[in-house]
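Written below as structure tokens is the structure these notes are about.
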């Protein structure tokens with residue numbers, strides 16, 4: 001489950017119309033959400049609030065070992081009108097499971113952002129500031145996010161910690177997204193790491209006009225994307241390269257939605273494939289297979305996600321008193337489509353070839369969002385339960 | 001003097017290699033490994049080679065059959081080698097991301113995917129050069145400490161020798177790991193190995209200790225401190241106490257004694273010391289104990305009067321240290337013994353032992369397990385006469401507590417006397433845990449004994465090994481050649497300072513030692529007889545307090561009192 005501050009950050013992306021998913025680093029987002037979810041450890045409480053549309057605070061306290069906690073503050077120049085009450089938040093927004101790839105949006109032109117007043121431009125670039133202090137460790141996290149233009153975004157994140165070398169690190173990330181393709185350049189002060197990532201979407205270019213869905217029921221209506229990344233540590237003279245491709249069906253696809261990815265690390269000889277299907281309305285399955293051509297090491301992971309919906313109680317049709325007095329029936333209500341279903345909870349489970357099992361149950365009780373998780377190692381008969389944890393969030 | 005270092009028997013033992021490999025494996029895996037190493041480090045092969053290290057003896061601080069202490073300069077450039085097996089992470093980006101905060105992580109998609117490679121590292125051509133402090137004691141095992149970083153150079157050859165980057169990295173990492181291993185882990189490994197070698201019951205002891213840990217605590221609480229009669233009738237100021245005060249004071253040393261030792265053991269100890277004092281050839285053997293003969297070198301200075309020490313206070317402390325016979329037990333690796341000198345007392349052997357034996361029950365066990373270092377002081381507590389003399393009034397000797405027999409014409413309590421005197425039982429037994437007891441309330445109570453300042457002096461001597469010991473020793477010609485090299489170097493952290501000046505142990509039973517000892521006793525006896533005759537003569541004429549305290553009792557007041565007077 002997303003933390004409140006991440007939720008707010010995603011809300012900022014949405015409001016500023018930034019396509020967060022159109023990036024090479026998000027190529028395997030579905031598999032990560034279904035297979036590499038984190039199981040909580042110990043008890044953790046989050047108390048958050050979006051006190052004004054521009055300001056959010058969050059306090060967390062946890063009990064892993066001794067009591068630790070964190071304070072975080074967020075300021076955004078863009079007013080966020082998102083739902084912040086934990087009783088009202090749509091669980092689909094905070095629980096990431098199977099990620100349905102959306103149709104590419106037509107990017108805004110830069111002139112759309114221009115605001116003129118009295119012959120002068122008065123528009124400002126939206127930015128987000130975020131800071132988080134972990135208390136017993138005295139670790140400070142800071143984030144500065146700025147939309148430079150409709151197609152560009154700058155992200156500066158820094159960690160200050162006395163235990164780190166040089167007292168902390170800064171990561172600068174510049175993202176450029178045109179819809180058809182996106183590139184990212186990054187620099188990290190830790191080791192002087194330089195990085196370059198790019199993603200190219202095959203198919204029609206959204207800049208040339210809105211894409212209209214096919215009329216015929218094609219066998220597969222989806223999008224193929226390919227990308228690559230390259231890193232070079234300028235101080236430690238090391239680097240890394242990977243290539244990847246993804247095919248994912250789009251919402252207009254009539255059949256079973258699926259996502260398949262292939263990533264390749266030619267330097268290390270690593271090959272990884274994932275395949276995820278949304279088998280039902282509330283069920284998603286995912287599998288991952290890793291193979292290393294140099295060491296012949298392989299790995300298999302299976303995972304699933306099951307959304308449990310609350311059964312809807314059919315509304316009783318009772319004649320109103322006014323209708324009874326007038327000896328007539330109530331006027332027929334026009335049926336305004338099916339009501340949005342209430343999510344009772346989400347069960348995520350994964351298992352790998354070593355019989356390590358991860359379980360996660362996320363849901364809502366009254367006004368509280370909770371995450372209950374456990375990791376189990378079946379190889380260890382004496383003590384299979386490795387970790388168990390409960391995370392509770394409340395926000396207003 | 002010659003030393004014989006045997007290199008090959010150590011290396012010939014197949015079992016030794018197995019054990020050493022196990023211990024090295026655990027030691028290597030204990031410290032947090034660098035992220036590049038993703039598996040346990042296994043010691044695959046270990047060979048100490050045939051070329052022994054060159055040892056240069058720089059200093060020998062202590063030498064006996066059962067213990068040794070010295071500083072060596074070691075140079076090694078032999079053919080020993082060590083083969084390690086592990087698995088390493090070959091992706092530098094993967095190790096880069098390790099232990100980095102995820103908040104600023106670049107979050108690569110697949111560029112950080114791991115590639116683990118089995119790695120075999122051979123360490124050879126090890127060149128060492130170090131100053132080694134070696135402390136050996138049969139009870140405490142072998143302690144080896146490097147004073148400087150011993151590793152000069154070594155050759156790391158691995159599966160990745162063809163890739164210079166990886167080779168350099170491995171060389172650097174392994175040298176770093178090896179340095180910490182040498183400085184921190186190796187002393188511990190050697191100590192454990194030596195304990196296993198010389199103390200077969202070491203392991204059993206440890207297990208027993210673990211099992212009894214809980215029990216001990218309960219039993220310790222159960223000790224009744226008021227169940228024994230007082231041994232000394234004096235308070236912390238050295239004043240004589242009456243009976244009621246005695247009873248209130250009794251919860252220090254005396255009570256501890258009876259709860260710690262069984263009567264049987266104490267009798268054996270008494271027989272042992274007496275056999276030493278009476279030229280008896282029979283020495284009872286006591287398990288786990290090393291008996292050292294006390295040559296009585298320092299106390300001579302008083303009786304013979306041949307030399308006048310520079311400062312009287314130093315002399316006092318020395319003489320009193322010297323007259324006590326120390327039994328040192330040691331368990332575990334605690335350093336820093338001390339012995340608390342106490343005065344001879346007139347309490348007869350019988351009453352003492354019975355008093356001590358009262359509580360010889362299960363409590364004694366628990367204490368034996370708990371305390372690591374015990375110093376049994378077989379010297380008798382102070383006489384009541386001493387108390388009197390310390391309080392500055394020689395005429396009030398009759399006012400001493402009635403519970404203790406007062407012998408007015410007390411024979412001076414010197415080892416010389418002990419040859420003639422009937423054997424005295426060990427009277428004062430104290431446990432000393434070097435770390436704990438200093439701060440414990442029981443320690444604070446010790447000053448209530450007449451030996452308050454002496455014990456303080458003894459502690460100073462423990463902390464600082466240099467002071468005051470030389471003076472009296474120079475006056476003893478007989479044993480001078482048996483003495484150790486002088487103890488000037490303060491490199492050793494103050495280990496049982498007083499007792500280290502004892503000459504060769506009597507347990508060796510060698511003909512040489514026997515002859516020297518008997519010669520010493522004969523000389524002593526002759527000396528003593530002459531001295532006593534002189535004493536008897538001078539007794540009538542000299543009535544002064546100082547002469548009395550010096551002549552009649554060899555036990556002089558503690559330095560502080562002396563200074564006050």
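The values are calculated or read from the model by the stated rules, or taken from the named source; none is laboratory data. The model shown is predicted, which means the values in this text are computed figures rather than measured ones. Positions of Cβ are backbone-derived with ideal geometry, glycine not excepted, and every protein chain shown enters the neighbour counts.
Filtering the stretch A:118-155 down to residues that are within 19 Å of the chain's Cα centre (by Cα) and within 11 Å of chain B (Cβ to nearest Cβ), which residue is surrounded by the most Cβ atoms within 10 Å (Cβ to Cβ)?
A:130
Can you find, within the stretch A:248-269, the residue that is farthest from residue B:90 (Cα to Cα) among those that are without any contact (Cβ under 8 Å) to a residue 24 or more places away in the chain and within 11 Å of another protein chain (Cβ to nearest Cβ)?
Among those that are without any contact (Cβ under 8 Å) to a residue 24 or more places away in the chain and within 11 Å of another protein chain (Cβ to nearest Cβ), it is A:262.
Among the residues of the stretch B:162-180, is any within 14 Å of chain A (Cβ to nearest Cβ), outside any helix (DSSP H, G or I), surrounded by fewer than 16 Cβ atoms within 10 Å (Cβ to Cβ) and without any contact (Cβ under 8 Å) to a residue 60 or more places away in the chain?
So far as the stretch B:162-180 goes, yes, one or more of its residues are within 14 Å of chain A (Cβ to nearest Cβ), outside any helix (DSSP H, G or I), surrounded by fewer than 16 Cβ atoms within 10 Å (Cβ to Cβ) and without any contact (Cβ under 8 Å) to a residue 60 or more places away in the chain.
Give the number of residues within the stretch A:248-265 that are modelled with pLDDT of 95 or more and surrounded by fewer than 18 Cβ atoms within 10 Å (Cβ to Cβ).
Of the residues in the stretch A:248-265, 0 are modelled with pLDDT of 95 or more and surrounded by fewer than 18 Cβ atoms within 10 Å (Cβ to Cβ).
If the requirement is being under 24 Å from residue B:165 (Cα atoms), at pLDDT below 90, within 14 Å of chain B (Cβ to nearest Cβ) and touching a helix residue (DSSP H, G or I) at 6+ places or on another chain (Cβ under 7 Å), which of these qualifies: A:234, A:238?
Sole residue among the options that is under 24 Å from residue B:165 (Cα atoms), at pLDDT below 90, within 14 Å of chain B (Cβ to nearest Cβ) and touching a helix residue (DSSP H, G or I) at 6+ places or on another chain (Cβ under 7 Å): A:238.
Evaluate the stretch B:63-76: report whether one residue or more is within 14 Å of chain A (Cβ to nearest Cβ) and at pLDDT below 85.
No, because not a single residue in the stretch B:63-76 is within 14 Å of chain A (Cβ to nearest Cβ) and at pLDDT below 85.
Residues are listed down the side, and each one gets a yes or a no for (1) in contact with a helix residue (DSSP H, G or I) (Cβ under 6 Å, 6 or more places away or on another chain); (2) touching a residue at least 60 places away in the same chain (Cβ under 8 Å); (3) at positive phi:
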{"residue": "A:137", "(1), (2), (3)": "no, yes, no"}
{"residue": "A:144", "(1), (2), (3)": "no, no, no"}
{"residue": "A:149", "(1), (2), (3)": "yes, no, no"}
{"residue": "A:153", "(1), (2), (3)": "no, yes, no"}
{"residue": "A:166", "(1), (2), (3)": "no, no, yes"}
{"residue": "A:169", "(1), (2), (3)": "yes, no, no"}
{"residue": "A:183", "(1), (2), (3)": "no, no, no"}
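Can residue A:273 be described as assigned to a strand (DSSP E or B) and buried (at least 19 other Cβ atoms within 10 Å of the Cβ)?
no
Going by the conditions given, is residue A:223 in contact (Cβ under 8 Å) with a residue 24 or more places away in the chain, touching a strand residue (DSSP E or B) at 6+ places or on another chain (Cβ under 7 Å) and within 14 Å of chain B (Cβ to nearest Cβ)?
no
Tally up the residues in the stretch A:161-187 that are surrounded by fewer than 20 Cβ atoms within 10 Å (Cβ to Cβ) and more than 10 Å from chain B (Cβ to nearest Cβ), please.
Looking only at that region, the number is 11.
Which one is farthest from the other protein chains (Cβ to nearest Cβ), of the residues in the stretch B:117-131 that are buried (at least 20 other Cβ atoms within 10 Å of the Cβ) and farther than 20 Å from residue B:50 by Cα?
B:121
Counting only residues that are within 13 Å of chain B (Cβ to nearest Cβ) and outside any helix (DSSP H, G or I), which one in the stretch A:22-47 is farthest from residue A:362 (Cα to Cα)?
That would be A:23.
Considering the stretch B:88-115 alone, what residues qualify as being part of a helix (DSSP H, G or I) and more than 7 Å from chain A (Cβ to nearest Cβ)?
Once the filter is applied, which keeps residues that are part of a helix (DSSP H, G or I) and more than 7 Å from chain A (Cβ to nearest Cβ), the stretch B:88-115 yields B:94, B:95, B:97, B:102.
Conditions: (1) in a strand (DSSP E or B); (2) in contact with a helix residue (DSSP H, G or I) (Cβ under 6 Å, 6 or more places away or on another chain); (3) within 14 Å of another protein chain (Cβ to nearest Cβ). Residue B:143 meets all but one. Number of the miss?
The single condition residue B:143 does not satisfy is (3).
Looking at (1) within 14 Å of chain A (Cβ to nearest Cβ); (2) in contact with a helix residue (DSSP H, G or I) (Cβ under 8 Å, 6 or more places away or on another chain); (3) surrounded by 20 or more Cβ atoms within 10 Å (Cβ to Cβ), find the lone condition where residue B:150 falls short.
Checking residue B:150 against (1) within 14 Å of chain A (Cβ to nearest Cβ); (2) in contact with a helix residue (DSSP H, G or I) (Cβ under 8 Å, 6 or more places away or on another chain); (3) surrounded by 20 or more Cβ atoms within 10 Å (Cβ to Cβ), the one that fails is (1).
Restricting attention to the stretch A:188-209, which residues are facing chain B (nearest Cβ under 9 Å), at negative phi and surrounded by fewer than 21 Cβ atoms within 10 Å (Cβ to Cβ)?
Correct list: A:189 only.
In the stretch A:286-297, which residue that is in contact with a strand residue (DSSP E or B) (Cβ under 7 Å, 6 or more places away or on another chain) and in contact (Cβ under 8 Å) with a residue 24 or more places away in the chain is surrounded by the most Cβ atoms within 10 Å (Cβ to Cβ)?
It comes out as A:286.
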